[in-house]
Each structure stands twice: as structure tokens, then as C-alpha cells.
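Peer 1: Dropping the structure in here first, questions after.
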Protein chains: 2
Amino acid sequence: MSGAGQFIQKVRIDDAFWSATRETVRREGIPYQWRALNDMIPDAVPSHCMRNFRIAAGREQGEHAGFVFQDSDVAKWIEGAAYSLRWHPDPQLEATVDGAIDEVVAAQQPDGYLDTYYIIGGLDKRWTNLRDNHELYCAGHMLEAAVAYYQVTGKRKLLDAMIRCVDGIDAVLGPEEGKLHGYPGHPVIEMALMRLYGVTHDPKHLKLAKYFIDQRGQRPLYFREEGERHHNNLYWKDSYFQYQYYQAGLPLREQTEAQGHAVRAMYLYAGAADVARETNDADLAEVCRRLWMNTVRRRMYVTGAVGSSEYGEAFTFDYDLPNDTVYGETCAAIGLVFFARRMLALEAKGEYADVMERALYNGVLSGMQLDGKKFFYVNPLEVLPEACLKDQRKSHVKVERQKWFGCACCPPNIIRLLSSLEDYIYSVNGRDVFVHLYVGGTLEAEADGAPVRLSVETNYPWDGAVTVSANADAAFALRLRVPGWCRRWTVKVNGEAQEAEVRDGYIALDRAWKAGDAVALALDMPVALVRANPRVYEDAGKVAVARGPLVYCLEEADNTRNLHLVRLGDAGPQDFTAAWKPDKLGGIVELTSPGLRESDAGWGETLYSGENAVESAPAHLTWIPYFRWANREPGEMRVWVRR
Amino acid sequence: MSGAGQFIQKVRIDDAFWSATRETVRREGIPYQWRALNDMIPDAVPSHCMRNFRIAAGREQGEHAGFVFQDSDVAKWIEGAAYSLRWHPDPQLEATVDGAIDEVVAAQQPDGYLDTYYIIGGLDKRWTNLRDNHELYCAGHMLEAAVAYYQVTGKRKLLDAMIRCVDGIDAVLGPEEGKLHGYPGHPVIEMALMRLYGVTHDPKHLKLAKYFIDQRGQRPLYFREEGERHHNNLYWKDSYFQYQYYQAGLPLREQTEAQGHAVRAMYLYAGAADVARETNDADLAEVCRRLWMNTVRRRMYVTGAVGSSEYGEAFTFDYDLPNDTVYGETCAAIGLVFFARRMLALEAKGEYADVMERALYNGVLSGMQLDGKKFFYVNPLEVLPEACLKDQRKSHVKVERQKWFGCACCPPNIIRLLSSLEDYIYSVNGRDVFVHLYVGGTLEAEADGAPVRLSVETNYPWDGAVTVSANADAAFALRLRVPGWCRRWTVKVNGEAQEAEVRDGYIALDRAWKAGDAVALALDMPVALVRANPRVYEDAGKVAVARGPLVYCLEEADNTRNLHLVRLGDAGPQDFTAAWKPDKLGGIVELTSPGLRESDAGWGETLYSGENAVESAPAHLTWIPYFRWANREPGEMRVWVRR
């Protein structure tokens, strides 16, 4: 089957939901994070990121500080800032980015090498621990930043620097004799090289990306040999996953399950999908499909979070989805969005967009505070504050978002995704114009040479009514996604009901559009009581509440403590009331429902009893969108509730 | 209220259930463990315990190996072997124990010091890390062994050696100026000193025990000062419990909750109860009562296991009782038995005996394989084998008992408890003769000078009928425990029904007994469906199946996989069938019941759905006693099941 085509179009977002969120990112998040990268946030973990570049450039004295991958934080920030300039030109921000790029490039070595950890710590040691020391990861992120900034501003300084950096990498690594047959311990450069290739069309860049995909995990294992040669300590020696943590337990083409570090997995699979599409590699596409299916059909939370275990920030096994000890790193949900878009580009199937939407509206958005200044690394589906303090296996679960992190991968990752949301909404393939996500705004594109000019109006995700208007005459097939969660829908063109069939998740309205034509898609958005596959043992006997793309949760702030005592009883979707609450949590559709609350009445200090019953009393339950949890006083939260 | 009095009586066990278990311990466990201590078990972790003593005595060359507390393994083994000689004289075993004692005592230093870790590693470093290095723990266990062996055989060699050792400790530690104001990081010596005091009546021994109880946790904190003085690394620096791990976060008398390392907690509380009773210290008794109540009313599993978290092998917080990540160390359940008996000695309340019975028949017995040669350290209430391999937070949970452990505290601890079961069954206080546990055999004791001669016949725990016969004329109050799990019971004397009232868990039959009098106690032992207090969030909506003192479980071997899909539905206790299965798992009463089994029919590869129902089909469930789980092919096991 054919893919959904090219995603990068001329898109303008003008949307009640997303514009507000993105303005928060632009006004608060981007400046805040720049201050964080420059160690200017009081009471936050210092970043040292920009200082490292100045030290590496000889502009300051000092030692490298922070993680070996600290460089990547500013790379992701530059990338996010670049995207924001695309939809909100801002000479002052652009000047700040230019200044950041000057500092980054000043640290570059004559041979193109650019990694402050080794520039400061000793260039003689570079390329000795690809497995753990993130040189290629940092280069990959900086490459993504360089391409984005070039595409938005036309400025080549960082792009040229990174092309030189890639030349240096290509001179050292590769299949040829005399080169190291290595690859990155943490993928990302694969996607980055594919984006660079899209700009340069230099076959060297495609070849290097493909090499990294294909060489990974081959025997003899590079990471093992490198580790022995340089006495690198293998942190996961006694673990069941060992090299699979690095996505190198097997060659990618032999892998059947999503294993190891979840972010590395998502980034690798996304890069592989890029390579598969560009090289028309049906086998590799099938590998991506297989890993996709394992991920989203057996190892993904209802929020689109992935990574069940804090240990190794990793996948565990099929249907193992604990809600309280979950990892669900924000970056992993972002990686799932990357992977989903690339699978869509390979195959125009609504399933991919469904997951993209699920992760975006739930597992990704939950990573950021309403004010854009605090972040979750871990996104639990069930929180008991006392447990986070007194049960070590839950100590990674925070009840409040944090100002910054020693390992600050997530905050700038959210910024770069949300600032580039334009690139996830539409795609064009031949005469097919796909609308994958429902976001208000406009599209300018070409479909088979015809000018596509669309406007979209909607109050999504709060409402399922979407109006798509044609602003120019052109013949093409408008393919509108009918989300997997939607059971009833209607579509009208200029007020006239249309017979349309959902094929692979999309309806097609193929006609010669006239300016002024209006398509009204009405997606019925009732409350759904979602069950997990019975094999998910942690969710047995429980339901989650969802409405449209949003997963809901109970919070202590609305429902008092001891949320484990709450049951839904016989309440069905029809018993829920949805109401727009403009002043609550930045504006939400709140749900209320009847339910039951068990009590310990009659139990006193009895711990176990064969006689005592557990009494239930009717309760009034208030549900808020999951992604807005933890924006009030810290307290309990719960997604899955017993019937 | 008065206590249950003196437990150490002349008791002979002749019981279908216990004699078989104890014969396994005697014939298999004791010789097996002696071989283990001498590194003679193929494919098992070597102990090095006896070698350490020979090296310390200069009889062999080498380094100390194993943990700093390795000496305690042979101490517990000697103690267990000593008890077995009490009920089964065995000159060959006695000769082996004598030989072991020779090797132990040969390592003793002229000043009485006896700890192979420091004797081998450098005596100049002794007494520099009481917090972590277990000198007093090893001395405590060896002291218990010495007293036991002396009491059984009359031989004083180890006893005299340990009295010298205690003299050495007393010269170094204590409240007096010039002494170190320290105390053990791992309690046990408190109980041991009280036993020694019972033999020597030397006030010094009582005083030292009391000092250890009272000094612990006082400010300035000895462990902090010692740590700073000797640069000892505090392993729990970043943990919420820190010194509470060592039971030293607060002075014992200020503690209100069972916290920190569960075995240390149980041993300390047991020792404190001994001191409270001996010194008539009502305040300390109240402290013990408070910690008892917190332990058994909010932090104990239905199996009598304690310690909810692998991290620190520790208690966590009230009602936090996860079944799958539980620690539930065998030693902690044994410690709870110790604590229970001592609380009974303080106060004749059935609640204490109920917990003693619960822990003994479930959390303790589960620690040993049917063949007596393999052991559990951790005793989970829910096991999914794949999770133990692939979920790090469950990696401490084993699906099979192990041959031995690097830290082998549990195996000899089981042996010493089971071999001394005589000391937990009866107690005498004035004219009250208590029967706490129902175990076939005989008692010879004195009640107010009258000769008490009783025989007990029962098929407990499989059956609730108990016959107690008087074998001599004597007037006393026979106080028979009516277990907390028992709702209906009758008692007859010589066939005549008696009106008796349960007071504090016991009925009293006070009369002038004649030889030949027979008391028939019939404890109704139906199946019970046990609920946990609703505050136990991990058990919400679930029940456990019990019959008499035994908790039951489902195993994969009887019920196939995916036990999380099993529900009890409307099945009540009356729907269960109990049947004696002589050839199954060493002979058990097996329970069968109707139930439901959910399936993933219709789900296919769907992970979440608002439409799919979860279908249930009737199922036939087979339940086995929890303590016999994991005696067949490794597989799933589950105690708590959804309704």
C-alpha cells in the first residue's frame, strides 16, 4: 500500500487548544529553557550546557559538567526555537539562537569534531565508547537543529558546521576497512541524517544513516569488542537485557519485540522507517511494522506512554503495563509520535495516526505544566504520594513536575515537538491530501500540481465538529481521518450529507473543489469506558475513562484521598456528564459521573477478616483530562478504576 | 493483665503434620546445611563459613570470604542441631556439633573476642563499624547456640566461651565513661543475652541487654559519630529511612511504627519484650504493644510475611502490602514468631498466638522445600515467572527455592525454629496451663506445684478436632486457644458438652483433672474467603482463600496460566470442597471451587477498546496450601483473587 506522503507543508495553526499551548511554549518555555541552559533558574539543577561549549571553545576556563550528552540539550532547544520562528518570527529570539549557534560552532575542532565532553576531557579518548558516551547522539541532535534552523531561516552556519561534523564521523565510522564498524549507543542520528539528506541529497548522508541501521547488533558485536578494547564498564552486565538496552542485542532486522531503553527504541525505529521509505526497502518496512505492532498492541499504555520499567528506562514484556511503577518517559511518548508519523509516511493507515494522536494528547502533553515551566520525566497512570516517598520502586515517580533535571532530555524535546506540530497534521501523496490531526488553521500545498488551500476550524479535542473549507479551486482527494475511538460520524459537503466509507482509517472526498466549499465532519465524541486487553494483568477488572482522544483521570483535588476505594459500579458512558469549564485548569471539558466509594466502615483496626464486608456508598466522581493532572496541590491520581 | 508465663517445658511432639516436617529437617535439612557450611553442595553458592573459623584459628591459610556476618550461619545451625538432639538423640550429630564447636572456639581470642571477619582481617579494626559489620549480631547468634546446646546436652564449652565473649563485649560497650556507647546495627544479641541471663542469672547479662535496648537511637547518634570517626560509608544516605534501617532513627521507646529492615525490627522488638517482662517495665511493654499493633494490624501480609519492600528488606508504610514485589523474608516471619511468643509471655492474649500461628503455618513454612533442601528468602503472594526475569523490581522474587544463598540467613533460621517448636506450644503461668498451638504430643509440666501431664491428639492443621487427655491427677486451669479464624466450636469433657467462654482468645477449663480425662475441642474449620481492610489498596476487590490457619493459593500447575484472569464471582465458602490428598505435595487438604475465568476472546491484538467486553466462563479452581507452593514445575502463583 502507499504511504501518506510528504508531511512538511506550508501550515499555519490557529486553534483554540493548540495555539494557547504553543504560545505558552513560545512565551514561557523557550525563554525559560534558555535560562536553564545558562544556569539561571534559581533552585533548579544547573545545566552547565552552554558553559561547556564556552569552555570547549577556550572562551572560559573550567571542566565539563553534566552528563556526557549535555550538548544535546541546547541542540533540542535550538531546534525548538527554530520551529517557533517559523510560526512566530521574533528577531530577538533569532538573535539569541544565532548567539547560541556561534558558541556551539566556536567549539568545533578543525576536523569537524564537535562534542564538548571529549573536547574538554581529551580528544585522544574520543570514539572509544560509542556505546555509552553519546557522541553520535549529540551530533544527531545538533544536526536536527542545524537542518531545522536552515529550513526556517535559510542560515547555513550551523548546517555547514554539522555537514563538516558528519564528514568527520563518516571518515571514522563505516563498513570500509580501516574505519571503526561502530554505531551510536543512543540512536537519533539516523533520523537526523535522513533530514540532512532531504536537504543535501548527498548519497553519503543516506548511506551513513543506512549503515547505522544495518550494522547495529551485527556479530562480532562492536560494543562488546569496543568495551573490551577500552575497558569500558558494562553497566547492564547482570541484566537480562544487556546489549538490548542499546538496541544492539540483535540486528534490527532480526528483532521481533520492542525491547530495551524505550526512547532509544523509538528513535531507532523512526530512523529505520525513514531509511525504509527512502530506499524502498520492503524488508526493513516490514521490520518496522512488526516492531510497531509489538509496541502499540502489547506494550503501550492507554496514554500512549511506553517503557514499563524504570530499570533501564525500558520495555519489559508483552502486556506488562504497571500503572504505578511505570516509566513512561515523556521523550519516549515523543519518540512514539516520531515513529508514528514515519509509519504513516510509509503506509497511509489510520492506526498510525490514532497512536500519534493518543501519545500527543496524553503521554506527551502530560510532560509539561500548564505554565510551561515545569516538566515530568516519568508519566505515571496511578500515583499515591506516600508511596513515591517510602517505596523505592516508585521513587522515580514524582507527584509534581520538576523545574529542570540533571538529565534534561524531556523539556526541550517537548518544545521541539509542540513547536513543529505543523509537520504532523497534513500530508500529501499524489492527489491525496490527508488530514491526520484536527487542528484549526490553514494548509497551502500542491496535490498533483493543483493548489490546495484549506482552512480548518474546530474545537478539538473538546468537540468532534470539524469544518474544512477550500479556499481555492482544485481537484484532489481530501482524506479525512476517522479516529479509531470514533463510532459514529457524519460528513457533509456544503450542507449535503455524503456517503463515505472509512478505508484504512480515512474517508476520501475526491472532487473538483471550489473555493468556498465547506466540509463538515462531525465526529461523535461520547464518553467511553475503555477496557484493556484481558492479558494486561494490571488492568484486570478496571476501566479507563476517555472522551475523544483524551484519557481522563481522577485526582485527589476533586475526589478526596484513597482513590483506590473508588469504583464505577454499573455506571455506563451514558451516566457521564461533560461540561466545559473555562476557568478550571486552563479550560477543560470536565466529566462527572456517579460511582461508588468503598469504605472501611466496620473494619477499625482489623487487617484481615472472613466476615467483614466492604461497604460501598454512592459517590459523585469528577474526571479531568489526564494531561492536565498535577497542576494543583500534589495528591493522588488514578486512570484505571475498578468497575 | 498477666502473661502466658513460661514456655520452656518438657514437651514431646508426636504429630502427623509436624513430625513429618521435622523429620525432614532432621534427616535432610541439618546434614544438608552442614555440608553447605563446609562448601560441599555442588552448584550452590559456597558458604566458606567453617573455613573462616579454621583460618581465624590459624588451622588453615586464606582470607575471610562471604559476608561479614558469615559466622552466624553456623551459629544458627548449631542451635538448630542442638534442638533436634532434644527430641532425637543422635550421637553422630552430637559429635559433629562438638567438632563444629571446637572449630568455633579455637578461633576465639584470649580476650574472648570471636568474630572471624576481624580476627582474619585485622583486630585493630574491630568495634569501628557496629552499624554495618555485625560483630554483635554474630556474637548474639553464637550465644543463642551456646545456651541451646548447653540446655540440651549440658555441655559448657561453647557456653563458657560465649560468656567470655560477652565479658569482652561488656568491657568495650556500655554507658560507662571510657566505653563505646554503641549497640548492634543488627539486633539479636538482646534476645540472646536474655536467654543467657535465664541460665546465669548474672545481672551483668540483663544489664547489657537492657542497655542495648535503651541506648539505641539516642542522641548524639552513635552510628553517625562512629561513621564520621571511621569514615564508614552510609549506604542509605539518600534513602528516606537512613538510620531507621538499623532501627536507630529514634530511640525504641519513641517509635510508633514498624520501620526499616524487617528482620532487625522483629528481633529488636522481641528482645525488648524479653527485657520488658524480666524488668517489669510497663512503659517498654507498652512500646512493644504499640509496635506489635502497627506491625500486625497495618503492615503484615495475610501469610504472616512482613517487609513490603526489597529496598532495605524493609517495612514501607501503613497498608502498603504489594503481593508481587513483596519482600516477606523468611527470617522476618520467623522474627514475627519470636516477637509473638514474647508478647504472649507478656500478655496472655490470643491475638499474639493467632499471629504466631499465621506466620508459622504460612510465611515460615513456605520458606522450605518439601524435601528440606531448598529455601526461599523472599515469599511472594503473587508470582508471574516472566516478570521475575524481565521486571527488575521483581528480580528478587524467585519462582523456585534456592539451594543456598550468598546471604544464607534463612535456611538455618528455619531449622532452628522448627527444631524448637516444642517451645511455642504450651506455657504455664501459676495454675494456668495454656495450649497456644495444636500439635500432637505430650506435655510434662508443673502448675502451682501440681504435675501436669497432658497428651494431645489432632490432625491439625487439616482438621479442627483436638483431643487433650490428662495423664495424671492434678488441679489446674486448662486454657485452650480458640483461634481468631474460628467462628464455631464446641468443647466436651469426657463426652459432656461444656459451657465455656472465650476470654482473650482462650477458654478455661479449671478443675481437678483425673488421669484419663479427655477434652474434645472441635474447632469448626470451614473455608473462609478473607478480605483485607479496604485501606490495603493492593487487595481492593480481592479475596484470599483460607481454611483454618492455612492460607491457600492458586498455582499454574493446577489451574493453567494467566491466573490474573481467574475470578471467584459469586462463589461463597459453601461452594468449596475440601479433600485430603495423601499423594499430593506431601499430603494436603486440597480445596476445589467453582469460579470464573476471563478470556481474551474477541480481543485478538486489540490493546484498548471502549466496546469489547471481557467474557467470563465458568471454571473449576484448585487451591493448595500456600506454604506448599513451588514444589512442582515453576509457574504462576496467586493468593489474592478478584471476586
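The values are calculated or read from the model by the stated rules, or taken from the named source; none is laboratory data. No experiment lies behind these values; they were computed from the predicted model shown. Cβ placement follows ideal geometry from the backbone for every residue including glycine, while neighbour counts extend to all protein chains displayed. When the accessible area is computed, the model is the full protein with side chains, heavy atoms only, and any ligands, DNA or RNA have been set aside. Shrake-Rupley method; radii C 1.70, N 1.55, O 1.52, S 1.80 Å.
Peer 1: How about B:Lys374: which lysines have a C-alpha closer than 30 Å to its C-alpha, ignoring those fewer than 8 places off in the same chain?
Peer 2: Qualifying lysines at Cα under 30 Å: A:Lys237, B:Lys76, B:Lys390, B:Lys394, B:Lys398, B:Lys403, B:Lys581, B:Lys584.
Peer 1: Still on this structure, please answer the following. How about region B:305-338: which of its residues lose at least 30 Å² of accessible area in the presence of all protein chains relative to their chain isolated, using a 1.4 Å probe?
Peer 2: B:Tyr311, B:Phe317
Peer 1: Charges only on Cβ, +1 for Lys and Arg, -1 for Asp and Glu: so what's the dipole of chain A about the Cα centre, in debye to the nearest 20?
Peer 2: 320
Peer 1: Compute, for B:Ile334, the solvent-accessible surface of its heavy atoms (probe 1.4 Å) with the complete set of protein chains present, and express it in square angstrom to the nearest 10.
Peer 2: 0
Peer 1: Counting only protein heavy atoms, what percent of the accessible surface of region B:4-151 is carbon or sulfur at a 1.4 Å probe?
Peer 2: Carbon and sulfur together cover 50 percent of it.
Peer 1: Roughly how many Å is it from the Cα centre of region B:428-507 to that of region B:9-27, as a whole number?
Peer 2: Result: 19 Å between the Cα centres.
Peer 1: Further question on the same structure: Choose one of A:Pro89, A:Phe315, A:Leu454: the residue whose Cα lies farthest towards the positive end of the charge dipole of chain A (beta-carbon charges +1 Lys, Arg; -1 Asp, Glu; about the Cα centre).
Peer 2: Toward the positive end, the furthest listed residue is A:Leu454.
Peer 1: Out of residues 5 or more away from B:Trp489 or on other chains, whose amide H comes under 5 Å of its own, with H placed 1.01 Å from N in the peptide plane?
Peer 2: B:Asp524
Peer 1: Now for a separate question. Where the only charges are on Cβ atoms (+1 Lys, Arg; -1 Asp, Glu), what is the dipole of region B:501-576 about its Cα centre, to the nearest 20 debye?
Peer 2: Dipole about the Cα centre, nearest 20: 120 debye.
Peer 1: If the cut-off is a Cα-Cα distance under 12 Å, which aspartates and glutamates reach B:Lys157, setting aside same-chain residues fewer than 8 apart in sequence?
Peer 2: Here the aspartates and glutamates satisfying the reach criterion relative to B:Lys157 are B:Asp98, B:Asp102, B:Glu103.
Peer 1: Which positions within region A:544-571 get 40 Å² or more of their accessible surface covered by the other protein chains, compared to the chain by itself, with a 1.4 angstrom probe?
Peer 2: For region A:544-571, once contacts with the other chains are taken into account, A:His564 lose 40 Å² or more.
Peer 1: Excluding ligands, DNA and RNA, what is the solvent-accessible area per residue of region A:200-358 at a probe of 1.4 Å, expressed in Å²?
Peer 2: 31
Peer 1: Related question: Restricting attention to region A:161-249, which GluC sites (Glu not before Pro) occupy a DSSP loop and are surrounded by at most 10 other Cβ atoms within 10 Å?
Peer 2: A:Glu176, A:Glu177
Peer 1: Something else about it: How many square angstrom of accessible surface are buried between B and A, both sides summed, with a 1.4 Å probe and rounding to 100?
Peer 2: 5000
Peer 1: Below 8 Å, C-alpha to C-alpha, sequence gap of six or more: please give me the relative contact order for region A:350-452 in percent.
Peer 2: Values: 95 pairs, mean separation 20.7, N = 103.
Averaging sequence separation for qualifying contacts and normalising by length gives 20 percent for region A:350-452.
Peer 1: Students often get this wrong: which residues of region B:6-28 have the backbone nitrogen under 19 Å from the point 7 angstrom along Cα-to-C-beta of B:Thr467?
Peer 2: Counting only backbone N, you get B:12-19.
Peer 1: Can you list the DSSP H helices in chain B whose Cα atoms extend at least 20 Å along the helix axis and whose mean Kyte-Doolittle hydropathy is -1.0 or higher?
Peer 2: Membrane-span-like by this criterion, though nothing is claimed about a membrane: B:71-87, B:91-106, B:135-153, B:157-172, B:262-279, B:282-298, B:330-346.
Peer 1: Still on this structure, I have one more. Tell me which lysines have Cα within less than 18 Å of A:Lys125's Cα, excluding those fewer than 8 residues away on the same chain?
Peer 2: Of all the lysines, those that pass the test against A:Lys125 - Cα under 18 Å, at least 8 places apart if same chain - are A:Lys179.
Peer 1: Can you give the accessible area of B:Lys514, probe radius 1.4 Å, in Å² rounded to 10?
Peer 2: Its accessible surface works out to 110 Å², give or take rounding.
Peer 1: Taking all protein chains in place and a 1.4 Å probe, what share, in percent, of the accessible surface of region B:389-509 do carbon and sulfur account for? Don't skip to the end; give the middle numbers.
Peer 2: Details: 1790 of 4290 Å².
Here carbon and sulfur together make up 42 percent of the probe-accessible area.
Peer 1: For region B:527-642, with all protein chains present and a 1.4 Å probe, just round the carbon and sulfur fraction of the accessible area to a whole percent.
Peer 2: Numbers: 1890 of 4140 Å².
Summing carbon and sulfur atoms, their accessible area is 46 percent of the total for region B:527-642.
Peer 1: Please state the relative contact order of chain B as a whole percent: Cα pairs under 8 Å, 6+ residues apart?
Peer 2: 13
Peer 1: Give, rounded to the nearest 20 debye, the magnitude of the charge dipole that the protein assembly as shown has about its Cα centre when Lys and Arg contribute +1 at Cβ and Asp and Glu contribute -1 at Cβ.
Peer 2: Taking the Cα centre of the protein assembly as shown as origin, the dipole is about 240 debye.
Peer 1: How many Å² of accessible area per residue for region B:426-523, probe 1.4 Å?
Peer 2: Value for region B:426-523: 41 Å² per residue.
Peer 1: Next question, about the same structure. Please list the non-local residues whose amide H lies under 5 Å from the amide H of B:Asn459, H modeled 1.01 Å from N, same-chain partners needing a gap of 5 or more.
Peer 2: Result for B:Asn459 returns B:Ala465.
Peer 1: Follow-up. In region B:604-618, which residues become less accessible by 50 Å² or more once every protein chain is in place, relative to the chain on its own, using a 1.4 Å probe?
Peer 2: Hits at the 50 Å² cut-off: B:Glu605, B:Leu607, B:Tyr608, B:Glu611.
Peer 1: If you average the C-alpha positions of region A:80-155 and of region B:224-267 separately, how far apart do those two centres end up, in angstrom?
Peer 2: For region A:80-155 versus region B:224-267, the Cα centre distance is 48 Å.
Peer 1: Separate question: Considering only protein heavy atoms, with the full assembly of protein chains and a 1.4 angstrom probe, order A:His436, B:His64 by accessible area, largest first.
Peer 2: Heavy-atom accessible area, descending, gives B:His64, A:His436.
Peer 1: Determine how large the accessible area of A:Glu103 is when every protein chain is in place; take a 1.4 Å probe and give Å² rounded to the nearest 10.
Peer 2: Its accessible surface works out to 40 Å², give or take rounding.
Peer 1: Something else about it: Work out the mean other chain Cβ neighbour count within 10 Å for the residues of A:385-398 and drop it here as an integer.
Peer 2: For this peptide, the per-residue mean of nearby foreign Cβ atoms is 5.
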